[in-house]
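In what follows, a structure is listed as structure tokens, so that the remarks can point back to it.
What follows draws every value from the coordinates through simple rules; no lab data is involved. Everything numeric here is computed off the predicted structure, so don't read it as measured data. No Cβ is skipped: glycine too gets one built from the backbone with ideal geometry, and neighbour counts run over all protein chains shown.
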Amino acid sequence: MKPLIKTRLFTPGPTPLLLEAQARALASNFNHRTEEFRRLVRETIEHLRYFFNTQNDVLLFASSGTGAMEGAVTNLLSPGDRVLVGTAGKFGERWVGLAEAYGMQVSKVEAPYGHPLDIEEMRRQIESAGPFRAVFVQATETSTGVTHDVKALGEMVRSLPETCLIVDAITGLGTMDLRPDEWGLDVVIGGSQKATMIAPGLAFASVSDKAWKQIERARCPRFYFDFAKERKSLAKGESSYTPAITLLVSLHAALEYLRAFGRENLIANAALLAEAARQAVKALGLKLFAQHSPSNAVTAVCAPQGMDSGAIIKAMRERFGAVVANGQGSMKGKIFRLAHLGYYDACDLFSAIACLEVVLAQLGCSIELGRGVAAAQETYLRLQSPALASVTA
Ligand SMILES: Cc1ncc(COP(=O)(O)O)c(C=O)c1O
């Protein structure tokens, strides 16, 4: 029998698309130099402020998230500036690569893959090896599935007038409590293919007053990702260059949905699914790659002893159309990653765990079918809050 298979994304970006947002984009036919489109841009920026939980400026670029990361480097720094990067995975390494590409002197605090950053070591570096112009970090390190204590970092950096804290929250936004204004997160970066439930192609950056002051003095060359130029354009409801119109229309629609659903509910949803996934994985006798400070965005799971995680990923995709992410770099073949950010629900998770059980059994693992699903269900029953129930009803 030939099985009917639907494709379902369980990757931490791209994530499943919100159908209403896609449909709105398909039905739109805008020219961007019109009042109608300017209104849409202004509303989108307001919605983004809500999503970021900030009163700071939020900028928008037609690029993947890395574009805004690069923009943060070139807009806030001058060649030769000293910077500190807290790195715990492939995306922390991206900050290092970006800062080095523009001639910064980079100091690093490194955590082994699967571990969160040692925040006290960051404090020691900031206090004894500074001054640094910028401290770079991930809110959540998607390659390993850990979360970092950006609130504590904000407390360290906010009293230093010459240092900005730059947070890659590309998978942190919509999956964890983030308070840029209260915590002193000077630049926060996001990307469209994550918790905002739309396709890849837009990058976001919130910028604090302290960061704007640093931008005035910074001398790195910049052109497309010129933050000050983009701020001026966005104030008029425009972008400096041709905007990604269809993506903006779907972003506007998705953010309307998210505003009605509620930022805190979105975060609570990711937290619930992540905890249920962790309990399921443990019940199946598998090991979590991130033992401490696991993120709500993605759960990284170690492949059973002697098995390449690629075999699990291949079987999940071929048998069930369930697209799960492999490890990146040296983690490839050792872990697989199951996402929870954005448009995922309990039904997605229950079925992913059920499929995983079948795949593991077929690959010869001795597991008891249903154990992981039961653990996920029990966690769901334990944690499902009445507030979330009333919103989703
Ligand atoms: C934490 C983090 N930082 C940076 C990126 C890079 O974003 P993009 O691929 O949109 O450039 C990703 C993408 O997965 C990410 O998860």
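Points worth noting:
- Sparse-neighbour loop sites [GluC sites (Glu not before Pro); the range 294-393; at most 13 other C-beta within 10 Å; DSSP]: E368
- For the residue pairs K108/K210; K194/K282; K314/K334; K287/K334; K108/K213; K90/K334, the C-alpha atoms sit more than 18 angstrom apart in K108/K210; K194/K282; K108/K213.
- Relative protection proxy for 30-36, 169-175, 262-268, from highest mean packing down: 169-175, 262-268, 30-36 (other beta-carbon atoms within 10 angstrom).
- In loop segments of the range 183-242 as defined by DSSP, the chymotrypsin sites (Phe, Trp or Tyr not before Pro) with at most 10 further C-beta atoms inside 10 Å of their C-beta are F223.
- Applying the criteria of a DSSP loop state and at most 14 other Cβ atoms within 10 Å to the chymotrypsin sites (Phe, Trp or Tyr not before Pro) of the range 40-145 yields no site.
- Counting beta carbons within 10 Å around each of S143, S309, S78 and listing the fewest first gives the order S78, S309, S143.
- Modelled this way, with points 7 Å down the Cα-to-C-beta line, the labels at R217 and F30 are 3.8 nm from one another.
- A straight Cα-to-Cα reach below 15 Å connects K229 with the aspartates and glutamates D57, E216, E238, residues fewer than 8 places away in its own chain not being considered.
- Placed amide H near Q105: partners under 5 Å, 5+ positions off or other chain: G80, D81, R82, V83
- Tilt relative to the chain, helix 346-362 - C-alpha long axis, 0 to 90 degrees, to 10: 50 degrees
- Considering only P112, P200, P131, the Gaussian network model of the chain with Cα springs below 10 Å gives its largest mean-square fluctuation to P112.
- Largest mean-square fluctuation among G97, G329, G201, in a Gaussian network model of the chain whose springs join Cα atoms under 10 Å apart, belongs to G329.
- Most to least packed among 247-254, 145-152 [average Cβ atoms within 10 Å]: 247-254, 145-152
- For the chain, the Stokes-Einstein estimate of translational diffusion at 25 °C and a viscosity of 0.890 mPa s comes to 114 µm²/s, using the Kirkwood hydrodynamic radius over alpha-carbon pairs.
- Dividing the summed helix terms, -39500 (n - 2.57) for each DSSP H run of n ≥ 4, by the number of residues in the chain produces a 222 nm estimate of -14000 deg cm²/dmol to the nearest 500.
- Short-range pairs are left out: with C-alpha atoms under 8 Å and at least six residues apart, the relative contact order of the range 93-234 is 15 percent.
- Fully extended contour minus Cα-Cα distance, from A228 to D177, at 0.36 nm per residue: 15.6 nm
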